[in-house]
Each structure stands twice: as C-alpha cells, then as structure tokens.
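Bear in mind that the values in this text are calculations on the coordinates, not laboratory data. Keep in mind the model is a prediction, meaning the values are calculated, not measured. Here the Cβ is made from the backbone with ideal geometry for all residues, glycine too, and neighbour counts use every protein chain on show.
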Amino acid sequence: MMRSTRLGLGRFFLGLALVVGVGLPAGGQTGTQDVTQRPTSTPYSGDLSIFEYPDRDKKLQIDRVMDLLGIVPGKNVADIGAGSGWFTVLAARRVGPTGAVIAEDINPLAIEHIGKRVLTENLSNVRTVLGTADDPRLPEGSVDAVLMLKVYHEIAHPVSTMKVLQKALRPGAKVGIIDRNGNGADHGLNQDVVVKEMSDAGYKLTGTYDFTKADKEDYFLIFQVR
C-alpha cells in the first residue's frame, strides 16, 4: 500500500474520531421536526448471534447487494444498525485496506461486540459509532454507500433521521434499505411507505429488487439524494 493511501485513511478515521467522539453519550437530534406517525418496532437488543445463521450471505445474495451499491475496493461504507457486525465484516473485506467501514448502532453492547470482533478478525479499516435513535452521527461527507439491513422499520422519526443522514453522504452516494413488508410494528414495513418517507426526506428511488428472500416478501431498495 502506498504511503499516501495510508495517510488518507488515517485522516478519515481522525476526522471520524473528532466528529463523533469516543464514549460520547447518546443524545437526540436537534433542529429538525418530524411529524411522521406510524407503528414502529422496538429496536432489537437481544442475543446478537441471531444475525449469524448459516448461509445468510447466499440467501441474502449479499455480494449482489454490494455490487448494486457500488461497494468496491477503496470505497467508504456505513453499516447502519450493524448489530453483530455481520455485514460490517463482509463490507470491510470488500473495500479492502484503501477503503473504510463505519459500523453504527444505538445499542452499546452491539458496538462493544463489533469492536472486539474486528480486532479478532484483524480488520483495521473498521470504526464503530454509537448513534442515537434519530441520528446515526456519521461525519459529514464520509461515505459512498450505506446499507440499512432490517433496521428501517425501527426508526421512529424516519423523515428527519434520513435528512440528517444526507450530511454524511458523498456526491452520488447510494443508500440501500433491505426490509420486509409489514405494518411497522411487526419488524417489517410496507415498501410503499418506505418510498414515500424517503421521498419526503429528499431522496429518489433508483432501484427496486426482491431477490433478498425466496418468498419475495423482503425488498431491497436503493435511493440517492435528489
């Protein structure tokens, strides 16, 4: 790896540390009103091993997901609602040493778990961020792609939260949402609701797919800022 690349990655993580802070207590977003009202599932806080079932990568076709999001070597990626770090690890391996992954979660235990996991797996291109319910707290202009894997239905104020996320997106960045059709309170949300909320937040739908689960009840949507 060239020295200039190492320095560039170092500056990225230095900026992340300065913006996010280490051990900064959770705090709500300010200055943005969100009147969205719909059923919302309680964020999962149980056993993280639930995210590690066999062949998940094949069933979800996660390589195809990353291809469609433009996740290639050298890119910076955010895993929003990272849970056990399952996708974080896959993305970190995909972007390689010249890229970076931010693993964000609002659960301190998940953040602690991912921190230990990336050390065990010797991944130096991953940093963790403890977000809040309304703000993932990513540095401005920090990512080329975002994946929200089965987490969007847990967001209580989706329009304002996704507006805040825009600040972290680089020009042309893609935001991927994988979720399951449902009523919002059953750990799923109808995709038409997601599209409407994302439009209200200033995004345009650029891709719709149903390959992430055999029963076609799961959907994969890609958005970009309008």
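Counting only DSSP beta bridges with both residues in the range 56-225, tell me the antiparallel percent, nearest 5.
Antiparallel: roughly 40 percent of the beta bridges in the range 56-225.
So in the range 54-150, what percent of DSSP beta bridges are antiparallel if you round to the nearest 5?
Among the beta bridges of the range 54-150, antiparallel pairing accounts for roughly 5 percent.
Under 14 Å from the 7 Å Cα→Cβ point of residue 67, by amide nitrogen: which residues of the range 202-219?
Answer for this model: 211-212.
Take a quick pass over the range 44-194 and tell me how many lysine pairs come in under 19 angstrom between Cα atoms, counting only ones 8 or more apart or on separate chains.
Eligible lysine pairs with Cα atoms under 19 Å apart amount to 6.
What ranking do 135-147, 205-217 get when scored by the average of other Cβ atoms within 10 Å per residue, highest first?
135-147, 205-217
Sort 117-129, 83-95 for me by packing, meaning the mean count of neighbouring Cβ atoms within 10 Å per residue, highest on top.
Order by mean packing, descending: 83-95, 117-129.
Report, in cubic angstrom per residue, the convex hull volume of the C-alpha atoms of the range 55-207.
Output value, Cα hull per residue: 108 Å³.
Multiplying the sequence separation of residue 183 and residue 59 by 0.36 nm and subtracting their Cα-Cα distance, what value in nm do you get?
Difference between extended and current length: 42.3 nm.
Tell me, in nm to one decimal, what length is gained between residue 200 and residue 166 on full extension, where the rule is 0.36 nm per residue of separation less the Cα-Cα distance?
Stretched fully, the residue 200-residue 166 segment lengthens by 11.0 nm.
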